[in-house]
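The values are calculated or read from the model by the stated rules, or taken from the named source; none is laboratory data. For clarity, every value in this text was computed on a predicted model and none was experimentally measured. A quick note on method: Cβ atoms are made from the backbone with ideal geometry, for glycine too, and the neighbour counts reach across all protein chains shown. The protein model used for the area step is the full one, side chains on, heavy atoms only, and it has no ligands, DNA or RNA in it. Shrake-Rupley method; radii C 1.70, N 1.55, O 1.52, S 1.80 Å.
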Amino acid sequence: MATTTAPGPVRPAGRPAENGAPKQPKRRGPRRSYLPYLLLVPAIVLELGIHVIPMLVGVWMSLLELTQFHIRDWSTAPFAGLENYRVTFDFSSATGKDLLHSFWVTVLYTVASVGLSWVFGMAAAVFLQRPFRGRALLRTLFLTPYALPVYTAVITWTFMFQRDTGLVNQVIEQFGLVSGDRPFWLIGDNSFVALLVVSLWRSWPFAFLCLMAGMQNIPGELYEAAAIDGAGFWRRLRDVTMPMLRPVNQVLLLVLFLWTFNDFNTPYVLFGGSAPKQADLISIHIYESSFVTWNFGLGSAMSVALLLFLLVVTTVYLLVTNRRREHA
Amino acid sequence: MSKRHLALVAAALLTTASLTACGDSGGSSEGDAKTLTYWASNQGASIEFDNQTLKPELDKFEQQTGIKVNVEVVPWSDLLNRLLAAATSGKGPDVVNIGNTWSASLQATGALIPFDDETLAAVGGKDRFVPAALAAAGAPGKPPAAVPLYSLAYALYYNKKMFSDAGITAPPATWEEVVTVGKKLTKGNQWGLALEAANPSENAHHAFTFGQQWGGEWFDSAGKPTFDTPQNVAAVKRYIDLMAVDKIVNPSNAEYAQNQSVADFANRKAGMLLWQAAGSNFKAQGMNPDEWGIAPVPFPATPPAGGKRINSMVAGINMAIFKHTENKDGALEFVKFMTSDAEQVILNRTYGSLPSVKPAGADAAFQAPEQKVLGEVLGSTAAPLPQVAEESQFETLVGTAMKELFADAAGGKAVTEAQVKEKLGVAQQKMGS
């Protein structure tokens, strides 16, 4: 703690405002200058305990040959060096090939889900921007999926996607949309579509909520001025709404990206521990590599690699969007 | 730094330390000689059913010994993870149920008390237990990591009325007959056979049995995986072909992982089912016990070279004690109680499983046709799954590969021998990494 105390002589120079009260007892100064740090201690300790230390443990685990033989006492696990990383990035081996496959599936899933969630959320927010009868009801309705507990909601979807007894196939048949055999949704090629539908259903209300809130903050005069200038609906959307929503969008897209990329609950509840290859998201894949096949070192290495990837993407994203905003 | 400041810092540190320490008070193995914590696997139709079944027995134990047992019934889907967490953290229950196929895997963690001769003597002696069941309690050559509690085996269940309607007089004894019979039964919304084709464990169990019959082994004598041998490929293909080629299995079964195949059989949507002690489950789903018959799982008509006369795994549930228990004597007392003749009869009769101790097997409760067939299979033609530390990986990887093959078959794609070999090869490669 002592190191955080500012040296005495520097204080008056740094804070000229206090010079007006020279009669104050001297010892008040130093206490004030480290009290904030003192108050930060609980947060720092918690941050260390909850985030930093587990993360470092994860990195350490990724350097060990940590299987069921050593899981009880890590200290006995042999040091593997970068072996787990070599296996992770050896895309010619079965393990690496499948990891790469699930990475691309996840990228596709994230792009599609975030993109569509944004489009749906945006459309609904624009539609509900002007007051009309029943607007509150629609708003509530749109937010329902967001309010439901994840497990209940996704389990309901698994029932609906069952081939023989599911509602989805019954509706499809009712409308004569399919000829021949009923399609499968939870296995095979369609499983990706099923996963995307559930993900979209879950995350677009969040986009809607954020965008709606963002739009509330756009001053009405801007639209009036634009209207006077003869701007139509699309023009106003492009030149008023979109620029004003930029800060909201920046956060919204980042949050959706991180949530969707790391989404574990949706695929896990939808498919159970072993997802079909077509919908093998990376979070499930890593879970399987570490918990189901009991290779915790390899699982940790994959997690660290994923974390680094997300960190790079996030940093680049923030740099690019911030610069664009400054230029705008 | 003045004293007051020091006190402030200390207070802040203490607060945060106690806050963070709250996180890991999950365990409950206090050094109290009068209580035990027990995780029971879900054996009955529901967790509630299990609680009701176990409660009077645990009360009885408390009366006899003064030791109170706090039981938690854990669903199968959570059990392995929970056990692993307990093994890792050194906190958790004193006594647990484990699926017997996991015995060697959990043994390898070193978290379970070995049942050496002395420990076995404390629970009644090695000779009390059914040998096949005890063989599925740990790696060969090591003292068992658990003792068997409930024993199960696979059998072929069939719908008597569907059989007589189709003019079939006897249950099939060979896979060729299964196909012939299955084709006669498959019409409209009715299918010959129901399979739990999206359940990796279930798939892996059949991979083992079929593999034995086709002369294959999943691990060599050194414990190395040998998944893609021609024998194993032929065995797995034979199983998948029941859907892919013979078409006696509803393609919808490719997404079954929550015992829907049992429901299909009980609801007369399928004429045959391969399952472990399913009778009580059929009854719970409203099927009259007269409606179904039972026969041993079939064999190939002309056994391939090296094929063994094995038609079931030694299925069952074992009971193990964690090393971290602070009441080992009480825990052993409890294991002895649960494997006593009287308790074995009561519990196995309720669950429809078989006793894992020899004297209880003679009880009248286990002379019904179902238990007789299961008992004969266990006694003569069942073998334990490979008792190697990587067993749980084998179940997941091979079982999942088969799930994918079934998904292909259900989607109308041809499943070739080369594809089976490739999928098994990939599973094997993953074992090495």
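Values computed for the structure shown
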{"quantity": "Restricting the range B:372-408 to residues that are within 10 Å of chain A (Cβ to nearest Cβ) and among the hydrophobic types (A, V, I, L, M, F, W, C), the residue that is farthest from B:Met313 (Cα to Cα)", "calculated": "B:Ala407"}
{"quantity": "Those residues of the range A:267-289 which are of a type outside the set (A, V, I, L, M) and within 11 Å of chain B (Cβ to nearest Cβ), in sequence order", "calculated": "A:Tyr268, A:Phe271, A:Gly272, A:Gly273, A:Ser274, A:Pro276, A:Lys277, A:Gln278, A:Asp280, A:Tyr287, A:Glu288, A:Ser289"}
{"quantity": "Residue count for the range B:190-239, restricted to those that are open to solvent by less than 10 Å² (accessible area, probe 1.4 Å), within 14 Å of another protein chain (Cβ to nearest Cβ) and under 19 Å from B:Thr174 (Cα atoms)", "calculated": "2"}
{"quantity": "Failed item, numbered, when A:Trp118 is tested on (1) away from chain B (no Cβ under 11 Å); (2) open to solvent by 30 Å² or more (accessible area, probe 1.4 Å); (3) not in a helix (DSSP H, G or I)", "calculated": "(3)"}
{"quantity": "In the range A:43-67, the residues that are surrounded by fewer than 16 Cβ atoms within 10 Å (Cβ to Cβ) and within 11 Å of another protein chain (Cβ to nearest Cβ)", "calculated": "A:Ala43, A:Ile44, A:Leu46, A:Glu47, A:Leu48, A:Ile50, A:Ile53, A:Pro54"}
{"quantity": "Of all residues in the range A:80-98 being hydrophobic (A, V, I, L, M, F, W, C) and open to solvent by 20 Å² or more (accessible area, probe 1.4 Å), the one that is farthest from the chain's Cα centre (by Cα)", "calculated": "A:Ala80"}
{"quantity": "Residue check for A:Arg163: in a helix (DSSP H, G or I), basic (Lys, Arg) and within 14 Å of another protein chain (Cβ to nearest Cβ)", "calculated": "no"}
{"quantity": "Candidate set: the range A:171-190, residues that are surrounded by 14 or more Cβ atoms within 10 Å (Cβ to Cβ) and part of a helix (DSSP H, G or I); chosen: the one nearest to the chain's Cα centre (by Cα)", "calculated": "A:Asn190"}
{"quantity": "Residue that is closer than 30 Å to B:Trp191 by Cβ and buried (at least 24 other Cβ atoms within 10 Å of the Cβ), where the choices are B:Ala146, B:Ala111, B:Ala153, B:Ala133", "calculated": "B:Ala153"}
{"quantity": "Filtered residues of the range B:156-171 (kept if of a type in the set (Phe, Trp, Tyr), open to solvent by less than 10 Å² (accessible area, probe 1.4 Å) and within 27 Å of the chain's Cα centre (by Cα))", "calculated": "B:Tyr157"}
{"quantity": "From A:Gly176, A:Gly188, A:Gly180, residue being touching a residue at least 60 places away in the same chain (Cβ under 8 Å), on the phi > 0 side of the Ramachandran plot and not acidic (Asp, Glu)", "calculated": "A:Gly188"}
{"quantity": "Verdict on B:Ala257 being among the small types (Gly, Ala, Ser), assigned to a loop (DSSP other than H, G, I, E, B) and on the phi < 0 side of the Ramachandran plot", "calculated": "yes"}
{"quantity": "Failed condition for B:Thr174, given (1) crowded, with 24+ Cβ neighbours inside 10 Å; (2) in contact with a strand residue (DSSP E or B) (Cβ under 8 Å, 6 or more places away or on another chain)", "calculated": "(1)"}
{"quantity": "Complete set of residues in the range B:245-281 that are under 14 Å from B:Leu193 (Cβ atoms), within 14 Å of chain A (Cβ to nearest Cβ) and of a type outside the set (Lys, Arg)", "calculated": "B:Val249, B:Asn250, B:Pro251, B:Ser252, B:Asn253, B:Ala254, B:Tyr256, B:Gln260, B:Ser261, B:Asp264, B:Ala270"}
{"quantity": "Cβ pairs under 6 Å, 6+ apart, first in the range B:286-311 and under 19 Å from B:Gly375 (Cβ atoms), second hydrophobic (A, V, I, L, M, F, W, C) and part of a loop (DSSP other than H, G, I, E, B)", "calculated": "B:Pro298/B:Ala173; B:Asn311/B:Val297"}
{"quantity": "Flag for B:Asn81 being surrounded by 19 or more Cβ atoms within 10 Å (Cβ to Cβ) and under 29 Å from B:Ala263 (Cα atoms)", "calculated": "no"}
{"quantity": "Only listed residue being within 14 Å of another protein chain (Cβ to nearest Cβ) and without any contact (Cβ under 8 Å) to a residue 60 or more places away in the chain, chosen from A:His70, A:His101", "calculated": "A:His70"}
{"quantity": "Count - residues of the range B:409-423 that are part of a helix (DSSP H, G or I) and within 11 Å of another protein chain (Cβ to nearest Cβ)", "calculated": "4"}
{"quantity": "Helices (runs of 4 or more DSSP H) contained in the range B:72-140 and holding at least 2 residues acidic (Asp, Glu) and more than 21 Å from B:Ile47 (Cα to Cα)", "calculated": "B:117-122"}
{"quantity": "Residues (open to solvent by less than 60 Å² (accessible area, probe 1.4 Å) and assigned to a helix (DSSP H, G or I)) located in the range A:124-137", "calculated": "A:Ala124, A:Ala125, A:Val126, A:Arg135"}
{"quantity": "Selected residue [within 12 Å of chain A (Cβ to nearest Cβ) and either in contact with a Gly (Cβ under 7 Å, 6 or more places away or on another chain) or at positive phi (or both)] from B:Gly138, B:Gly124, B:Gly110", "calculated": "B:Gly110"}
{"quantity": "Subset of the range A:151-170 that is touching a residue at least 12 places away in the same chain (Cβ under 8 Å) and open to solvent by 40 Å² or more (accessible area, probe 1.4 Å) - its residue that is farthest from the chain's Cα centre (by Cα)", "calculated": "A:Asp164"}
{"quantity": "The range A:73-86, residues that are among the hydroxyl-bearing types (Ser, Thr, Tyr) and more than 10 Å from every other protein chain (Cβ to nearest Cβ)", "calculated": "A:Ser75, A:Tyr85"}
{"quantity": "Enumerated helices (runs of 4 or more DSSP H) restricted to the range A:241-328, each holding at least 2 residues that are touching a residue at least 12 places away in the same chain (Cβ under 8 Å) and touching a Pro at 6+ places or on another chain (Cβ under 8 Å)", "calculated": "A:282-287"}
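One line per residue, one yes/no per condition, for (1) buried (at least 18 other Cβ atoms within 10 Å of the Cβ); (2) within 30 Å of B:Asp408 (Cα to Cα); (3) within 18 Å of the chain's Cα centre (by Cα):
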residue: A:Val198; (1), (2), (3): yes, yes, yes
residue: A:Gly220; (1), (2), (3): no, no, no
residue: A:Phe257; (1), (2), (3): yes, no, yes
residue: A:Phe261; (1), (2), (3): yes, yes, yes
residue: A:Asn265; (1), (2), (3): no, yes, yes
residue: A:Leu270; (1), (2), (3): yes, yes, no
residue: A:Asn295; (1), (2), (3): yes, yes, no
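Here's the yes/no breakdown for (1) at pLDDT 80 or above; (2) under 33 Å from the mean Cα position of the chain (by Cα); (3) farther than 30 Å from A:Ser290 by Cα:
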| site | (1), (2), (3) |
| --- | --- |
| A:Pro7 | no, no, yes |
| A:Ala13 | no, no, yes |
| A:Arg27 | no, no, yes |
| A:Arg32 | no, no, yes |
| A:Gly49 | yes, yes, no |
| A:Gly58 | yes, yes, no |
| A:Pro78 | yes, no, no |
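Rundown of residues vs (1) under 24 Å from B:Ser340 (Cβ atoms); (2) surrounded by fewer than 16 Cβ atoms within 10 Å (Cβ to Cβ); (3) modelled with pLDDT under 95, yes/no style:
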{"position": "B:Arg4", "(1), (2), (3)": "no, yes, yes"}
{"position": "B:Ala10", "(1), (2), (3)": "no, yes, yes"}
{"position": "B:Ser25", "(1), (2), (3)": "no, yes, yes"}
{"position": "B:Ala33", "(1), (2), (3)": "yes, yes, yes"}
{"position": "B:Lys60", "(1), (2), (3)": "yes, yes, no"}
